[in-house]
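To keep things clear, I will list the structure first and then write my remarks on it.
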Amino acid sequence: MLFSSERISKDASDGYKVRLSIKTALGDQAYLWDEKEMFLFRSTMAYAMRGQLNQQFDVSNIIVCEETARVSFWFVVTSPLNTSNLVDKKSVEEAVRKHRNRINSAFLLTDETLEFEGIPRTLEAPFTPDTPPWLIVFGVVMGAVVAGIIVFIGFSVVQKKRKKNKKTPEDEDSEEEESRGKTMENGAANEGVYNMSFTDEERFTRI
Amino acid sequence: MAKTKDSKVEERPKWDNKVQYMLTCIGFAVGLGNVWRFPYLCQIYGGGAFLIPYLIALVFEGLPLLYLELAIGQRLRKGSIGVWNSISPLLGGVGIASMLVSFLVGIFYNTILAWVLWYFFHSFQNPLPWSQCPLNDNQTDYNVECQRSSPVNYFWYRETLNITPNIETSGSLQWWLVICLASAWCVVYICLIKGIKSMGKAVYVTATFPYLVLTIFLIRGLTLPGAIDGLVYLFTPNWDILKNPRVWLDAATQIFFSLSVAFGGLIAFSSYNEERNNCERDALLVGIINSATSLYASISIFAILGFKATTAFNSCQQDNILTLTNHFEIPDKNITLETYDQWFEHLNSTYPKEIANLPLWHCDLQTYLGQSASGTGLAFILFTEAVIEMPGSQVWAVLFFIMLLSLGLSSMFGNIEGVLTPINDLKLLPKWIPNEVVTAIICLISFLTALIFTLGSGNYWVEVFNNYVGSVPLLIIAFFEFIGVIYVHGMKNFSEDIYFMTGSRPSIFWRQCWLWISPLLLLIVLVAYVIVQAQEYPVYPAWNADREPFPGTDTLNYPEWVFAIIILLCVVPVLPIPLVALYRLILRCTKKSSARTDLNPYSNDGFQIET
């Protein structure tokens with residue numbers, strides 16, 4: 001028994017509008033929407049309804065109407081027990097939601113490109129790993145920095161100890177040598193008037 | 001050669017080579033502001049036209065001050081406090097003011113680096129955490145606040161800052177920010193642990209890496225669609241804007257803060273130089289490279305932002321296309337971005353009534369290009385949003401945040417040196433405390449003080465510090481630097497100093513600038529800046545999740561006690577200048593009977609005749 005399109009439109013409260021955006025999803029690999037694909041859709045929906053209501057739904061139970069070039073159409077589901085009764089919207093919605101993934105993969109589409117108007121997309125729960133990854137990176141960086149600090153400080157402590165040991169035997173002699181070789185700062189801003197006669201040739205530092 | 005009393009004279013640390021010194025100065029000058037403040041200013045102030053006031057300010061205000069600081073530090077071979085004490089004991093306060101400002105700026109600047117670290121740690125995930133909204137508690141829908149604003153905004157305001165609705169609500173310490181702050185200070189410490197020896201090695205990386213990343217971003221950015229639109233928008237000159245005095249003021253202040261003068265850091269760096277070094281060439285190089293970097297960065301940034309605007313525009317168009325396609329049952333992909341306009345015309349003429357009823361967006365590329373921001377808004381919201389759209393987002397995110405880290409670190413070195421060098425020179429701490437410990441103590445104190453910025457209201461406090469500490473006090477300090485060197489130390493003496501160091505006296509351009517052009521400009525800028533700030537009661541943008549309409553920020557008045565703190569932040573750093581002058585004057589008056597402490601810097605104790 002075929003339902004006329006007027007019947008379906010009036011019964012739109014129990015039907016769902018479906019929109020497919022095949023070219024958006026697949027680009028060059030897009031397949032043509034023909035009656036074979038429609039057959040696949042009807043059988044996929046029958047499969048989903050079987051899973052939901054545990055009744056022997058068949059392809060003939062899925063009625064499709066108002067097909068457009070957009071690739072959009074309305075469909076209603078008739079009950080296998082009594083083909084003049086329509087299955088209510090809620091059951092159809094639940095069936096679609098439960099089997100959304102399988103329905104999508106049959107057509108190589110996604111929730112956005114295979115749209116059931118009125119049925120919201122399933123939300124993808126963001127994947128949260130047990131240890132937040134940022135703590136791992138933090139641990140690595142901090143570990144390296146703290147290790148570096150300890151190495152540096154340890155190094156300078158060791159160096160100072162060595163200097164102390166070396167200095168105590170040769171105390172007075174080396175001090176004289178050291179202080180003569182070093183540049184002196186006497187703390188005054190100006191050494192008086194700079195006397196030019198003692199300038200050396202090298203005035204510019206070269207990089 | 002007279003021996004000093006202390007026979008264990010420690011040689012003043014020196015740079016390993018000239019390159020280290022130049023890189024350190026350039027790294028100090030080139031900071032976050034070059035990347036996120038200059039492009040913004042360029043954009044809002046008429047693009048290419050902004051370069052005119054900017055370059056004028058550079059030549060007449062920035063370069064003279066830079067040259068002055070480098071010369072005086074190199075000649076007197078002391079940190080900021082020592083230098084001003086040497087010029088005149090009455091001016092010692094200028095050095096203390098520099099030190100205080102360096103400390104205060106250092107603590108909030110490193111908080112920004114802590115935020116950068118946080119984002120850096122999060123850039124190693126796929127997908128990037130700021131690209132999706134988390135689910136709400138019931139797992140039924142996405143988080144409300146996130147849906148209403150955007151995942152990027154949510155990640156910044158909620159997951160990073162956990163910001164409170166206003167500055168009075170302090171919230172609690174955010175533990176994740178505390179550990180990021182601790183890491184930031186540890187990184188700074190390890191680079192400064194051996195003073196300029198370790199810092200000099202660190203700057204090889206931190207000063208050069210940003211240029212590498214900017215180049216990579218430039219090449220990548222230019223190959224993205226919409227980059228040219230962004231660049232055109234940035235650089236299209238709008239000559240009328242030059243009539244607005246605000247533009248000149250902002251150009252002058254931007255150059256000033258960009259070059260990092262008056263912090264005392266540059267004086268400290270040049271004090272470790274050899275005495276005979278051509279500081280004129282150094283100053284010119286640092287100034288020009290700083291401005292060139294700003295320009296270069298703005299090209300890279302705006303190429304990427306142009307791409308972002310184009311992507312937003314395209315997705316707006318795609319929404320419209322979907323609406324039209326669904327409504328008129330047109331086959332999928334018949335309407336494309338290119339053919340949209342024609343289709344729209346056709347449909348509008350055939351079904352005008354239906355079109356009028358459809359919820360179509362008005363998509364305008366210029367609106368998207370105009371959505372600019374400066375500061376943290378640019379880095380953590382706009383740029384992160386752009387990065388999500390680029391293929392291979394993680395790589396670009398990691399590169400971007402390492403670049404910000406390097407830029408910030410090299411500036412931090414200058415800030416901390418501006419505090420450490422005076423402490424070491426004045427021998428404020430006993431000799432037996434090694435330098436590493438002094439550095440550690442400074443870093444620890446800074447870290448503890450900076451914990452305020454990890455509270456819920458931390459971001460608001462960073463804004464306060466950023467706007468008020470790093471502005472008026474610096475202008476005042478710089479003004480006194482001019483007075484101190486040119487008028488107290490004397491132009492003649494300073495010319496002789498430069499002759500001693502470089503072998504030629506400063507040209508008439510420098511002399512005129514130092515004598516009156518630059519101090520006058522600085523005074524005008526200072527007065528104008530204070531007037532502009534004082535005209536309106538200070539306000540701040542607050543992120544309030546309960547606000548209607550959302551997203552957007554509330555503009556709230558600062559409460560009275562915060563206003564008082566603002567005044568304090570502007571005044572306290574410059575208080576030492578009059579206080580120390582007064583103190584020394586009083587000392588001099590009371591000590592007149594005994595040995596005369598002349599204000600004459602020529603008085604060398606060795607020649608004092610005691611009657």
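The values are calculated or read from the model by the stated rules, or taken from the named source; none is laboratory data. Owing to the predicted nature of the structure, the values given are computational and were not obtained by experimental measurement. Every residue, glycine as well, gets a Cβ built from its backbone with ideal geometry; the counts of neighbours run over all protein chains shown. Note: areas computed on protein heavy atoms with side chains; ligands, DNA, RNA excluded. Shrake-Rupley method; radii C 1.70, N 1.55, O 1.52, S 1.80 Å.
Whenever you get a sec, compute what percent of the accessible area on the stretch B:16-599 sits on carbon and sulfur atoms (1.4 Å probe). Show your work: numbers first, answer last.
Values: 14550 of 22570 Å².
C and S fraction of accessible area: 64 percent.
Among all cysteines in chain B, which have no other cysteine Cβ under 4.7 Å from their own Cβ?
Among the cysteines of chain B, those whose Cβ sits 4.7 Å or more from every other are B:Cys25, B:Cys42, B:Cys180, B:Cys186, B:Cys191, B:Cys279, B:Cys443, B:Cys513, B:Cys570, B:Cys589.
Defining a contact as two alpha carbons under 8 Å apart and six or more residues distant in sequence, what relative contact order in percent does chain B show?
32
Among B:25-38, A:68-81, B:522-535, how do they line up from the highest to the lowest mean number of other beta-carbon atoms within 10 Å? List each step's numbers first, then the result.
On the way: B:25-38: 25.4, A:68-81: 18.1, B:522-535: 14.8.
Ranking the peptides B:25-38, A:68-81, B:522-535 by packing returns B:25-38, A:68-81, B:522-535.
Output wanted: per-residue J couplings in Hz (rounded whole) for the stretch B:294-304, from phi through Karplus 6.51 cos²θ - 1.76 cosθ + 1.60, θ = phi - 60°, x for Gly and Pro.
Listing the rounded values in order: 4, 5, 4, 5, 5, 5, 4, 4, 6, 5, 5 Hz.
Treating cross-link reach as a plain straight distance, find the lysines whose alpha-carbon is under 18 Å from the alpha-carbon of A:Lys89, omitting any fewer than eight places away in the same chain.
A:Lys89 reaches A:Lys10, A:Lys17, A:Lys98.
Checking the cross-link filter: which lysines have an alpha carbon closer than 22 Å to that of B:Lys492, excluding same-chain neighbours under 8 positions apart?
B:Lys78
For the stretch A:38-84, calculate the relative contact order in percent as a whole number, restricting contacts to Cα pairs under 8 Å that are 6 or more residues apart.
Over the stretch A:38-84, the number comes to 29 percent.
What are the ³J(HN,Hα) values, in whole Hz, obtained from phi via the Karplus relation 6.51 cos²θ - 1.76 cosθ + 1.60 with θ = phi - 60°, for each residue of the stretch A:70-84 in sequence order, with x given for Gly and Pro?
So the J values, rounded to whole Hz, are 4, 6, 9, 7, 9, 9, 10, 10, 9, 6, x, 6, 8, 5, 8.
By per-residue mean of other Cβ atoms within 10 Å, what is the highest-first order of B:197-203, B:536-542?
Details: B:197-203: 21.0, B:536-542: 13.1.
With the highest mean Cβ count within 10 Å placed first, the list reads B:197-203, B:536-542.
What is the average number of partner chain Cβ atoms found within 10 Å of a Cβ in A:129-138?
If you average over the peptide's residues, the count of other-chain Cβ atoms is 5.
For Cα pairs less than 8 Å apart in space and 6+ apart in sequence, what is the mean separation divided by the residue count of the stretch A:5-116, i.e. the relative contact order in percent?
Values: 148 pairs, mean separation 40.3, N = 112.
That works out to 36 percent.
Between B:Lys243 and B:Glu354, what's the calculated FRET efficiency when r is the beta-carbon distance and R0 is 45 Å? Round to 0.05.
The value I calculate is 0.40.
Total accessible area buried between chains B and A, 1.4 Å probe, in Å² to the nearest 100?
5100
How much accessible area per residue does the stretch A:5-116 have, counting only protein heavy atoms and a probe of 1.4 Å, in square angstrom?
It amounts to 51 Å² per residue over the stretch A:5-116.
Collect residues whose amide H, placed 1.01 Å from N in the peptide plane, falls under 5 Å from the amide H of B:Arg37; neighbours closer than 5 in sequence don't count.
Amide H to amide H, under 5 Å and 5 or more residues apart or across chains, B:Arg37 pairs with B:Gly375.
Give the cross-link partners of A:Lys166 among the lysines, using a straight C-alpha distance below 16 Å as the criterion and excluding same-chain residues fewer than 8 apart.
B:Lys8
Residues of B:322-334, mean number of Cβ from any other protein chain within 10 Å of their own Cβ, rounded to a whole number? Please report the intermediate quantities before stating the final value.
Working: counts 5, 0, 0, 5, 7, 1, 2, 8, 3, 8, 14, 6, 3.
Mean partner shielding for this stretch: 5.
Within 10 Å of each Cβ in B:122-128, how many Cβ atoms from other chains are there, averaged over the peptide?
Per residue, the average neighbour count from other chains is 3.
I need the shape label for the stretch B:511-588. Rule: rounded when a/c is under 1.5, else prolate if a/b > b/c, else oblate, with a, b, c from the alpha carbon gyration tensor. Mind showing how you got there, number by number?
Numbers: a/c = 4.38, a/b = 1.86, b/c = 2.36.
Here the stretch B:511-588 falls in the oblate category.
By per-residue mean of other Cβ atoms within 10 Å, what is the highest-first order of B:414-420, B:509-515?
B:414-420, B:509-515
Given a 1.4 angstrom probe, what's the average accessible area per residue across chain B, in square angstrom?
That works out to 41 Å² per residue.
I need the phi-derived Karplus couplings for the stretch B:94-101: 6.51 cos²θ - 1.76 cosθ + 1.60, θ = phi - 60°, integer Hz, Gly and Pro marked x.
4, x, 5, 4, 4, 5, 4, 5
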